[in-house]
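Presented below is the structure to which this report refers.
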Amino acid sequence: MEKSIESIWKEGFVNDEKLIAPKVNDLYNQKSIDIVSKFKRMYRINVIGIVVFSFIVLPMSYFSNIPYMGIMMFFLFNLILIVNRKTIFKLNKIDNSLNSYEYLLSFKGWTDELIAVNTKFSRFLYPYMFLALFFGFWCGSLGGDVPGDAIVKGFVSEYPNTPLVFGFPLVFIGIMLFVMLFLALVGGRIGKWDFNLGYGRIMRRLKTMIKDMEELKQ
């Protein structure tokens, strides 16, 4: 009777009382290479999407009369690309000649590092996005009227004793700082939620696979 996949897989871990690559290459591919390849494919698609959108946002923001937002977002997207380029380089350096278990552990280590980097970056990302949106709608079109000036004039006429800082109401600055501080504090959680939204299913499969391998080792 032909051996089941489970029995063949288990035999690959009992030799010399340590984990070694399974005897069947197809099983190795299905259980380790495929999941990493799928993650790489999704990750590269997301990076390409960021590249495309970074060049779309400029003309879109110009014709929407919020060019300053587009310029700030363009620089932000390119900064994201620089960060992702470094992480992709590290991902490609993972040695796929390792046995299944070590290969997946190396990949998990890379994803843990990626999550940590994204968590730190998100604390800057979301306050910056808020500023981009604010200045986009506040400054309006290039060379045109500044919508924010009308807001300041209306507010000052209503509250003539309000303190100003470089012609900007102090209360507005306080609100902006509060929102940015709040986004910086919750940015890490938002970043993790965003990561899990895109890659959560793959990460759960990865953890389950590593757990199964460790159980077979015993």
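Estimate the FRET efficiency between residue 129 and residue 214 by the formula 1/(1 + (r/R0)^6), using the beta-carbon distance for r and 35 Å for R0, to the nearest 0.05.
Working: r = 40 Å, r/R0 = 1.15.
Calculated transfer efficiency: 0.30.
Determine the alpha carbon to alpha carbon distance for each of 120/207; 120/211; 38/120; 40/93 and list only those over 19 Å.
On the way: 120/207 23 Å; 120/211 28 Å; 38/120 25 Å; 40/93 13 Å.
Distance filter (> 19 Å) returns 120/207; 120/211; 38/120.
With a 10 Å Cβ neighbour count serving as the proxy for reagent exposure, in which order, fewest first, do 55, 195 appear? Before the final figure, lay out the partial values.
Details: 55 12, 195 17.
Ascending Cβ contact count within 10 Å gives the list 55, 195.
Rg/Rh for segment 22-217: what does it come to with C-alpha atoms and Rh from Kirkwood? Don't skip to the end; give the middle numbers.
Details: Rg = 23.1 Å, Rh = 20.0 Å.
Answer for segment 22-217: 1.15.
Run through segment 101-166 and list the chymotrypsin sites (Phe, Trp or Tyr not before Pro) located in a DSSP loop whose Cβ has at most 13 other Cβ atoms within 10 Å. Walk me through the numbers on the way to the answer.
Numbers: sites: 101, 103, 107, 110, 121, 124, 128, 130, 134, 135, 137, 138, 155, 166; in loops: 166.
When the chymotrypsin sites (Phe, Trp or Tyr not before Pro) of segment 101-166 are filtered for loop state and at most 13 Cβ neighbours within 10 Å, 166 remain.
If you take all C-alpha pairs in segment 118-218, what percent of them are over 22 Å apart? Before the final figure, lay out each step's value.
Numbers: 2806 of 5050 pairs.
Beyond 22 Å sits 56 percent of the P(r) for segment 118-218.
Provide the descending list of Cα extents for segment 126-179 along its principal axes, expressed in whole angstroms.
Principal extents (Cα only, largest first): 32, 29, 16 Å.
Kindly put 40, 86 in sequence by how many other C-beta atoms sit within 10 Å of each C-beta, fewest to most. List each step's numbers first, then the result.
Numbers: 40 14, 86 10.
Placing the least packed residue first, the sequence is 86, 40.
Read the figures in this text as sums done on the coordinates, not as results from a lab. Small disclaimer: the values here were computed from a predicted structure and weren't measured. All Cβ positions, even for glycine, are placed from backbone atoms using ideal geometry, and neighbour counts span all protein chains on display.
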